[in-house]
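The values are calculated or read from the model by the stated rules, or taken from the named source; none is laboratory data. These numbers come from a predicted model, not from an experiment. Glycine gets a Cβ as well: all are built from the backbone with ideal geometry, and neighbour counts include every protein chain shown.
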Amino acid sequence: MKLREGEPWMPAPDYGRGLAGLGINLLVRSVPAALPFHREVLAAEEVYADADFAVFRGHGAEWMLHADHTYNDHPLRGSLDDETARGIGAEFRLHGRDPDAAEARARSLDYTVLAGAMDKPHGLREAFIIDQDGYLWVPDIPKS
């Protein structure tokens, strides 16, 4: 069941044909509720957003959000509820987003910071931040 009113930013087949490489599509309980995390904490550009779907670009990456209700006829539907953790075992690494700035913004907006910004032995400074749907985001930059 779609909640969007009006026309989308572009026809879905046109957008789909333009995708290449690895794509990330996150299922979220509410697209409007998810927008601040992606805009504010990840400092991503909101390309498009409505009640059903959103596209973000930032730091050389592009990803999508789909609201749970758009998956009513999808095989995953049975596993989408408030009790089921999402994204367990996956880290979404956003290379090029300053982890100190992301951590500060996340804390100011009351998101969960699993681990604050720190220098790691593999040459990156990174933070571990959980979004409103339980996905783990790791913004990172090379250590100075």
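List pairs: first residue in the range 9-20 and modelled with pLDDT of 70 or more, second residue in a helix (DSSP H, G or I) anywhere in the structure, Cβ distance under 9 angstrom, at least six positions apart or on different chains. From residues that are modelled with pLDDT of 70 or more, the pairs are W9/Y15. For R107, the conditions (1) modelled with pLDDT of 95 or more; (2) part of a strand (DSSP E or B); (3) surrounded by fewer than 18 Cβ atoms within 10 Å (Cβ to Cβ) all hold with the exception of (2).
Of note, P32 does not satisfy the criterion of being assigned to a loop (DSSP other than H, G, I, E, B), in contact (Cβ under 8 Å) with a residue 12 or more places away in the chain and out of contact with any helix residue (DSSP H, G or I) (no Cβ under 7 Å at 6 or more places or on another chain). Screening the range 20-61 for residues that are basic (K, R) and under 11 Å from the mean Cα position of the chain (by Cα) and picking the one that is surrounded by the most Cβ atoms within 10 Å (Cβ to Cβ) gives R39.
Of everything listed in (1) closer than 24 Å to A33 by Cα; (2) in contact with an Asp or Glu (Cβ under 7 Å, 6 or more places away or on another chain); (3) buried (at least 17 other Cβ atoms within 10 Å of the Cβ), the single unmet condition for D131 is (2).
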